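Each remark here refers to the structure printed beneath this line.
Read-outs: derived from the displayed coordinates by stated rules, not from any lab. What you see is a predicted model, and the numbers here were worked out from it, not measured in a lab. Heads up, the Cβs are rebuilt from the backbone with ideal geometry, glycines too, and the neighbour counts pull from every protein chain shown.
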Amino acid sequence: MSGGPSRLPEGALASALSQQTERLSHCVHCGFCLPACPTYTRLGDEADSPRGRLHLMGAVVEGRLDPASEAFQLHMDRCLGCRACESVCPSGVEYGFLLERAREVAVSARQPSLVQRLLLGLIQRPALFLPWMWMSRLLRWSRIPALLGRGEAGAGRPGPLRLGAAMLAASAPPSLRVASFTGTRVQDREGEASGEPRGEVALLTGCVQDQLFRRVNQASRRVLAANGWTVVEVAGQGCCGALHAHGGRLSQAREMARRNLAAFQSAKPRYIVNNAAGCGAMMREYHELLGEDARELSHRVVDISSLLAGEGRRPRVGDPLAMTVTYDAPCHLLHAQAVSGVGEALLASIPELELRPLQRAEECCGGAGIYGITHPELGGEIGMDKARAVIASGADVLATGNPGCMMQIGAHLRLLGSEIQVVHPIELLDESYRSAGLYES
Amino acid sequence: MSQVTATLEPSLIRTLSGIVGERAVITDPERLLVYESDGLTQYRYPPSAVVLPASVGELQRVIRTLHEADRPFVARGAGTGLSGGALAVDGAVVVTTTRMNRILEVDVENRRARAEPGAINAHLTTAAAPFGLYYAPDPSSQSACTLGGNVAENSGGPHCLKYGVTTRYVTGLTVVLPDGELLRLGGMGQETPGLDLVGLFVGSEGCFGVVAEIEVQLLPRPEGVRTLLALFDSLEEAATAVSRIIETGLLPAALEIMDQATIQAVEDSVFAAGIPRDAAAALVVEFDGIEVTLDAEMAAAREICQDSGAREVRTAAQAEEREALWKGRKKAFGAMGRIAPDLMVQDATVPRSRLPQVLARIGEIGRRYDLLVANVFHAGDGNLHPNLLFDRNDPDELRRVEEASREIMEVCIEAGGTITGEHGVGLDKRKYLPLVLSHSVLEAMGQVKAAFDPDGRCNPGKVLPDEYLISTKDPR
Ligand SMILES: Cc1cc2nc3c(=O)[nH]c(=O)nc-3n(C[C@H](O)[C@H](O)[C@H](O)COP(=O)(O)OP(=O)(O)OC[C@H]3O[C@@H](n4cnc5c(N)ncnc54)[C@H](O)[C@@H]3O)c2cc1C
Ligand code: SF4
Ligand code: SF4
């Protein structure tokens, strides 16, 4: 059985998982995934490793383990869903797919935490979500979060209020100080991308992205247009459903996916561009939720960095930005979409921008959707490690292509008292274009 | 030997939690399910508890507490073992070293390193790389397995053909004996005065105590490396090439063979190395050392491969190509999950000159039992790894796997070989040990084991058959 809507009656426990014996059986217990797993490397318990979690899923399917048990609940819940385990698995175990089914089983056996239910409930209902986001923006504008969320190196673990404040503050526009603008204007080299027309693309505007990071969407539209893409607006689109799918609410996720499928299918753009890696990963897997009808659409979904700088393509060249930048690959681009090197390639196309290597860039930042909020302790530890690595890179700017990661890393940088700015890579390219006067006409 | 999980007394749980912290003692039987198997999934022995000490001090106090409570225990690293060595027979308590995973020191001048037992093999080389040094033993599982597990199993790897296995590199050990006593063995000097207890501990399969700290020798990176990939239309031809290469006196750093089933599994995986899928066998030959000799060695090896019937011989010109080839080779076992849900990997060693005949007979056994056998192995050492692929839900296939395994083992012994090359005896090969060791040798081993572990509490039910385990306490 390869995805498609489950036809078993609601409440049939373990059903979603028991159809997956085939997929589960690919795990040969080699253990290669263990060192890649952020929860295992920090906790040391094999039940918090990919192999261990797969073993527990297997035990549920075999009827040896009750999905309501503490063991199943705890270890499924504690997974980040970062899918780093998939990138290193020689046997091609589709861990992310299995996790979503396992979580569906887990949440139907026992109610998940209040925070989780609350967050997912809010996102799903525009009547609640929009006012919440509006208030968040107002609060952010007040600069209270910025003050509240600032910490200093060596400070202890923040409480939920400070963490929340720091995350909200981290979503604010960066103040980019371009160190020394040389003034030399780089002409488009021959054969390189220019503004020649290429075709129509649509942008997934998203939920949080559209509310807290609208500037990234706007920058994306400008940069795409500057590279010759006509951006068509697609009405009727909404949240991609990723957070719900990761939380095991597959029927709600399916509903959201269906709405997007209908909206984008009627617009028929050549590509559906994503600037949030988590949403991109989700949409590229819509066929796993909705069956074959969605496959064609899934194949047209592409990350913006990939479209502009993947497979040897180079984006149009703008003005130099003399600054030091380090790049953290979002897990849902690197691992879930198995796309590597494109964020770096995009940044490398900006003249005079110095890209600094980031240690353990392939590891999750602990944001993982709403994990940073639902698991502040472990998510915080992982986030702190990431923030320390960013600081150690010596860069002035961190670029990463996912709103959750921007907020998580930004928050932990703030909590450590760092001034490093957090941006989406496309914002830098946009800045370089703006400075080059590409938008003047 | 039983599969029961005897639960721990609440007072014992409290004492252990007092040492390592509440979160580092796991006693919920359902959470313990994940520890019932290691890299070998045929067996399931859930432990009675898992304890995760974070330091030598904690480790020592845990072992002492278990001694006082008269509890059997077994050490566990990454659980990549392929002989069931880390399984909790008799409801043993599993003592896991994953929280003791630091590289403590890289001593560049003396080319030594010290590490905690849960440190991952590959991380040691990563830590030594900036100084032009590396840790030579490279089990295919090196990206995941621990140094403690390597010491216990005296692990080898592709490059151990030239460089030797783990024991050659371990210069000192800190160990905790089953009664909780801490001993420092060896260290720094090439030779230790007195009896060589370090050498005795390496390869003891966790039966003498728990390794708490490891000191190893590092090697300088060789000046040059050359890698050749020879493709054959038959597995026997590839094996013949291996025998001839060794005969001529060449000393490659590695000589590895993958058969067609393995090549296809690897090429389907994220570690695809660009090996043609229609080749019946791929032979990887690597030379390393000082630059001036390498090209002549490569030319000689190339000629031998061609003479043995290679249809194509390629050289990995770039470092990336070589790396891709090695990744493919090392992840081959994992990639086999693509072919069948379960696999049983054998680990027999035969004299290299007998490789072609033995491989032909293994092929014949596979056909007779109607089983898919995928071979990927350290050919230069004559260390075979036939992987029998099956589905555990098919009882008849399971039976055929058992029978074919035994026949393969017999063929190897008949050819003058032995039952394990590097994966150890553990739980799985225990029954075969009397096939290759005499009664008096087994008795001697039982006596050595009793000297370290008089109560028989350390890694119970492993390696030696029950009748050779001498316990000063009540008979089993
Ligand atoms: C894909 C794959 C490829 C492999 N390739 C090779 C190879 O090329 N060469 C090779 O030799 N092996 C190989 N192995 C086998 C295995 O990886 C090795 O035996 C490895 O050394 C086991 O390490 P571990 O940390 O996983 O130990 P575990 O499996 O956890 O334990 C193995 C044994 O060591 C004991 N042990 C663990 N830690 C300690 C300690 N601190 N003190 C005392 N005893 C301890 C355990 O009790 C057990 O008996 C491979 C395995 C896999 C899955
Ligand atoms: S790497 Fe893949 S096959 Fe190996 S244990 Fe992990 S999930 Fe299973
Ligand atoms: S998704 Fe991430 S956290 Fe979850 S098991 Fe895989 S590597 Fe670990």
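Each of the GluC sites (Glu not before Pro) that DSSP puts in a loop and that has at most 10 other Cβ atoms within 10 Å breaks chain B; the longest unbroken stretch is B:192-476. Each of the GluC sites (Glu not before Pro) that DSSP puts in a loop and that has at most 14 other Cβ atoms within 10 Å breaks chain A; the longest unbroken stretch is A:312-418.
Summary value for the stretch B:103-220: 31 percent relative contact order, contacts being C-alpha pairs under 8 angstrom separated by 6+ residues. Amide H to amide H, with H built 1.01 Å from N, B:G157 comes under 5 Å of B:D138, counting only residues 5 or more places away or on other chains. Temperature 10 °C, viscosity 1.306 mPa s: under these conditions the Stokes-Einstein estimate for chain B, based on its Kirkwood radius over C-alpha pairs, is 69 µm² per second.
Residues of the stretch B:425-450 with amide nitrogen under 14 Å from the 7 Å Cα-to-Cβ point of B:D466? Label zone hits: B:431.
Listed values for the stretch B:261-268 are Karplus-derived 3J(HN,Hα) couplings in whole Hz (6.51 cos²θ - 1.76 cosθ + 1.60, θ = phi - 60°), namely 4, 5, 4, 5, 4, 5, 5, 7, and x replaces Gly and Pro. Take every Cα-Cα distance within the stretch A:12-109, group them into 10 Å bins from 0 onward, and report for each bin the whole-number percent of pairs it holds. Each 10 Å bin holds this share of Cα pairs: 18, 55, 26, 1. Here the stretch A:266-423 is treated as an ellipsoid with the same Cα gyration tensor; its semi-axes, largest first and in whole Å, are 28, 22, 11. Legend: ranking of residues B:M336, A:M282 from fewest to most surrounding C-beta atoms inside 10 Å; resulting order B:M336, A:M282.
P(r) tail for the stretch B:329-476: Cα pairs beyond 23 Å make up 44% of the total. The gain in end-to-end length when the B:E9 to B:R184 segment is fully stretched comes to 59.8 nm, 0.36 nm per residue minus the alpha carbon separation.
Dimensions of the stretch A:199-309 along the principal axes, based on C-alpha atoms and rounded to the nearest Å, stand at 39, 29, 25, largest first. Averaging the sequence gap over all C-alpha pairs within less than 8 Å and six or more residues apart, then dividing by the number of residues, gives chain A a relative contact order of 18 percent.
For the stretch A:14-68, the convex hull drawn through the C-alpha positions has a volume of 86 cubic angstrom per residue.
Across the alpha-carbon atoms of the protein assembly as shown, the computed radius of gyration and Dmax are 28.9, 93 angstrom. Sequence-distant contacts, meaning Cα pairs under 8 Å at least 6 residues apart, place the relative contact order of chain B at 15 percent. Partner shielding of B:94-101 amounts to 3, given as the average count of beta-carbon atoms from other chains within 10 Å of each residue beta-carbon. Loop-resident trypsin sites (Lys or Arg not before Pro) (DSSP state other than H, G, I, E or B) in the stretch A:87-119 with no more than 12 further Cβ atoms inside 10 Å of their Cβ are absent. Here the 3J(HN,Hα) profile of the stretch B:243-255, calculated from phi with Karplus coefficients 6.51, -1.76 and 1.60 at θ = phi - 60°, is 4, 5, 4, 5, 4, 6, x, 5, 10, x, 6, 8, 9 Hz, Gly and Pro shown as x. Relative to the longest principal axis of the Cα atoms of chain B, the long axis of helix B:395-414 makes an angle of roughly 70 degrees. Database remark: amide H of B:V425 closer than 5 angstrom to no amide H (H placed geometrically; neighbours at sequence offset of 5 or more, or on other chains; Pro and chain starts carry no H). The simple spin-label model puts a point 7 Å past each Cα toward its Cβ; for A:S266 and B:Q357 those points are separated by 7.7 nm. Adding -39500 (n - 2.57) for every DSSP H run of four residues or longer, then dividing by how many residues the protein assembly as shown holds, sets the calculated 222 nm ellipticity at -11500 deg cm²/dmol. The average projected area of the stretch B:224-414, computed from the convex hull of its Cα atoms over all directions, is 10.1 nm².
Give me the mean projected area, in nm² to one decimal, of the convex hull enclosing the Cα positions of the stretch B:179-297. With every direction weighted equally, the projected area is 12.2 nm². In this entry, chain A is assigned a mean projected area of 20.6 nm², taken as a quarter of its C-alpha convex hull surface.
Distant-in-sequence amide contacts of B:R76, defined by a placed amide H-H separation under 5 Å and a gap of 5 or more residues or a different chain, comprise B:V95, B:T96, B:T97.
Each distinct pair of alpha carbons in the stretch A:80-182 adds a 1/r term; the inverse of their mean, the Kirkwood radius, is 17.7 Å. Between A:R143 and B:A69, the FRET efficiency from the beta-carbon distance, with R0 = 35 Å, is close to 0.05. Largest first, the three principal axis extents of the alpha carbons in the stretch B:103-220 are 39, 29, 25 Å in whole numbers. Over all distinct Cα-Cα pairs of the stretch B:10-96, the Kirkwood formula returns a hydrodynamic radius of 12.9 Å. Under Stokes-Einstein, with the Kirkwood radius over Cα pairs as Rh, the value for the stretch B:41-184 at 25 °C and 0.890 mPa s is 154 µm²/s. Counting Cα-Cα pairs of the stretch B:9-48 in 5 Å increments starting at 0 gives whole-percent bin shares of 6, 22, 23, 19, 16, 9, 5, 0. Placing R0 at 22 angstrom, the Cβ-Cβ distance between A:R198 and A:R295 gives a FRET efficiency of 0.40 after rounding to 0.05.
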